[in-house]
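J.: One structure, pasted below without further comment.
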Amino acid sequence: MKSLLKVSYLRQAVFTAGFIAQQCRTDADAFARNVVQRLKHVQIVGPLLQCRALQNRDNDRQDTAKAARHAFESGNFSEAIDLLSGSRRYRLTRQRYEFEQAKLHQGIESSLPLRGAERVFHYLTNSLPHTSAGYSLRSHAVLRCMQSAGIQVAAVTRYGYPNIVGKLAANGHEKVDGVDYFRILPLWPSGSFFTQQDRAVKQLVRYAGKFGAEVLHTTTGFENALIVSRAAKRLGIPWVYEMRGAPEQTWLSRQPTDKRETAKQSEYYQAAHRQELEAARQAAAVVVLSEITKRSLTERGISAEKIVVAPNGVPDEVFQRRDSKLELRRELSLPEGKTLVGAITAVVDYEGLEYFLEALTDLDESFCGVVVGDGVALEGLKKHAQALGIEQRARFVGRQPANSIHKWYGALDVFVVPRKDIVVCRNVTPIKSVMAQALDIPVVASDLPALREVTGGIETYVAPESALSLAEGIRVAASLEHNEKRILWARTRAWSAVAQEYSALYRQ
């Protein structure tokens, strides 16, 4: 067994080395920035990498390549490709841009009708145990809840994962909590990007065929639909598309504020928007997380009859937990005798966490804050806390293991979701607040349609992007007594309840 494991790790190490070499040849600067982002919090290594990356950036005289990268990251793919036309040095970079552009126009195969299925095979972007984030946690919960409903399930992850994110799988088949995850792990990332896409289709067909799949199930983005729809056609089975968000809107939220209106007209945004709709149109059925998304799709011509709402859920066992806040705070080294307000989230710009910090300055010393999570905005947020003079009242504890995250929720008096008033936040329902409600923790959220829906309209809502409004909302929520409606609402979001939606979909 150990010898087989060593062989598996060696194969993956070879592929990873090949992938790194390919990335360096394709766009060394972008790859270096990605490595810095992943390792920046590692002591000694992180600061050294950051300094080196900055030095390289400052010394970079490849103006054409930089201009092309800027055009590409701004969604203007044709401009980026034109800038690199005729360049032998950046041939692979141009080929990558051409592939990304081609995906925006590739056809998505129409699905056969869905007529009931007992064996469902999933195609995922990432998964446990190598990635522990909202996407992988929902995927795992969906797979388990489908199992609990008596549906046979298994999943395969995208080409090269987890090697392409710097992780090694035990082998090509891993089992997590009784769920089978298969990996597409080639020996070497040879061939063009188009060839690799074709190989992903071929391997999906192989794995799904061996499983005896009666339907394929995949998730956003549309890149997954390109692969799954082709595989389903070869297998002669239907496929289902689960829309967990709007990738183009998330991309838009990362653009500079003063550039967003221009970015909306970019080649990427417009084409990706069309491709997401096309995936919904061609799938046998569409799973969405909210009524907001369902309405949006029906307004754009997708039949309501093919749309199933399966919201984000929480484990059923959460409702049995009533841990002592005092004991949890002692275990987690959190302040005792204070009103503890927290956010458990990916630390990115659109979460609006700067308003949470600013709200603390309007609250008296009896209020303390904690941010649980990691992300690109974390360092800036820490500096903001120092500038506000509240570094002693605001703690940043980074990302915490999924199996203990309930403790961080349970230690809170108030949970905040201060999202900004932008398109992605108005339309996409986050998973984070449901856990707080299940533990009877009052929620204060920006008054946005998606947040009202995901919290059942029974919590405290405040004006987005207003620290004063958020501070007042926190005061109100902190004074509230036990609310049975909160727990009753959360029970409708237990995974056992969500499982019924999937069961009805596949056994129709």
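The values are calculated or read from the model by the stated rules, or taken from the named source; none is laboratory data. It should be emphasised that the depicted structure is a prediction, and the values quoted were computed from it without experimental measurement. We place every Cβ from the backbone using ideal geometry, glycine too, and count neighbours over all the protein chains shown.
J.: Which residue is farthest from Gln255 (Cα to Cα), if the candidates are limited to segment 347-369 and must be crowded, with 22+ Cβ neighbours inside 10 Å and touching a Gly at 6+ places or on another chain (Cβ under 6 Å)?
T.: Leu360
J.: Please work out if Thr262 is under 29 Å from Val454 (Cβ atoms) and out of contact with any His (no Cβ under 6 Å at 6 or more places or on another chain).
T.: No; evaluated as a whole, the condition is false for this residue.
J.: Can you find a residue that is among the aromatic types (Phe, Trp, Tyr) and surrounded by fewer than 19 Cβ atoms within 10 Å (Cβ to Cβ) anywhere in segment 239-256?
T.: Among the residues of segment 239-256, at least one is among the aromatic types (Phe, Trp, Tyr) and surrounded by fewer than 19 Cβ atoms within 10 Å (Cβ to Cβ), which makes the answer yes.
J.: What is the number of the single condition among (1) free of Cβ contacts under 8 Å to residues at least 24 places away in the same chain; (2) among the hydroxyl-bearing types (Ser, Thr, Tyr); (3) buried (at least 18 other Cβ atoms within 10 Å of the Cβ) that Thr429 does not meet?
T.: (1) is the only condition that Thr429 fails.
J.: Now for a separate question. Which members of segment 468-489 meet the condition of being hydrophobic (A, V, I, L, M, F, W, C) and either surrounded by fewer than 21 Cβ atoms within 10 Å (Cβ to Cβ) or outside the structural domain of Tyr355 (by TED's automatic domain parsing) (or both)?
T.: Residues satisfying the conditions are Leu468, Val476, Ala478, Leu480, Ile487, Leu488, Trp489.
J.: Need a quick list: strands (runs of 3 or more DSSP E) entirely within segment 99-176 having at least 2 residues that are surrounded by fewer than 17 Cβ atoms within 10 Å (Cβ to Cβ).
T.: Once the strands (runs of 3 or more DSSP E) in segment 99-176 are filtered for at least 2 residues that are surrounded by fewer than 17 Cβ atoms within 10 Å (Cβ to Cβ), what remains is 173-176.
J.: Then there's this: Every residue in segment 183-214 that is crowded, with 24+ Cβ neighbours inside 10 Å and over 24 Å from the mean Cα position of the chain (by Cα), please.
T.: Correct list: Ala208, Ala213.
J.: Just to verify a result, which residue in segment 473-502, among those that are without any contact (Cβ under 8 Å) to a residue 60 or more places away in the chain and not in a helix (DSSP H, G or I), is farthest from Val434 (Cα to Cα)?
T.: Taking the candidates together, the pick is Ser479.
J.: Test of understanding: among Thr131, Thr125, Thr64, which residue is polar (S, T, N, Q) and touching a Leu at 6+ places or on another chain (Cβ under 7 Å)?
T.: Thr64
J.: Assess whether Pro401 counts as being touching a residue at least 60 places away in the same chain (Cβ under 8 Å), buried (at least 18 other Cβ atoms within 10 Å of the Cβ) and within 20 Å of the chain's Cα centre (by Cα).
T.: No: the conditions fail for Pro401.
J.: Criterion first (outside any strand (DSSP E or B), surrounded by 20 or more Cβ atoms within 10 Å (Cβ to Cβ) and not assigned by TED's automatic domain parsing to the domain that holds Ile431) does Ala80 satisfy it?
T.: Criteria met by Ala80.
J.: Further question: Checking the condition in contact with a Phe, Trp or Tyr (Cβ under 7 Å, 6 or more places away or on another chain) and of a type in the set (Asp, Glu), which residue from Asp413, Asp421, Asp447, Asp440 passes?
T.: Answer to the check: Asp447.
J.: Something else: Give me the pairs: first residue in segment 253-282 and modelled with pLDDT under 95, second residue of a type in the set (Phe, Trp, Tyr) and assigned to a helix (DSSP H, G or I), beta-carbon distance under 7 Å, and six or more apart or on different chains, which are they?
T.: As it stands, the answer is Ser253/Tyr350, since those pairs meet every condition given.
J.: Looking at Glu465, Glu459, which one is buried (at least 21 other Cβ atoms within 10 Å of the Cβ) and within 26 Å of the chain's Cα centre (by Cα)?
T.: Checking each option against the conditions leaves just Glu459.
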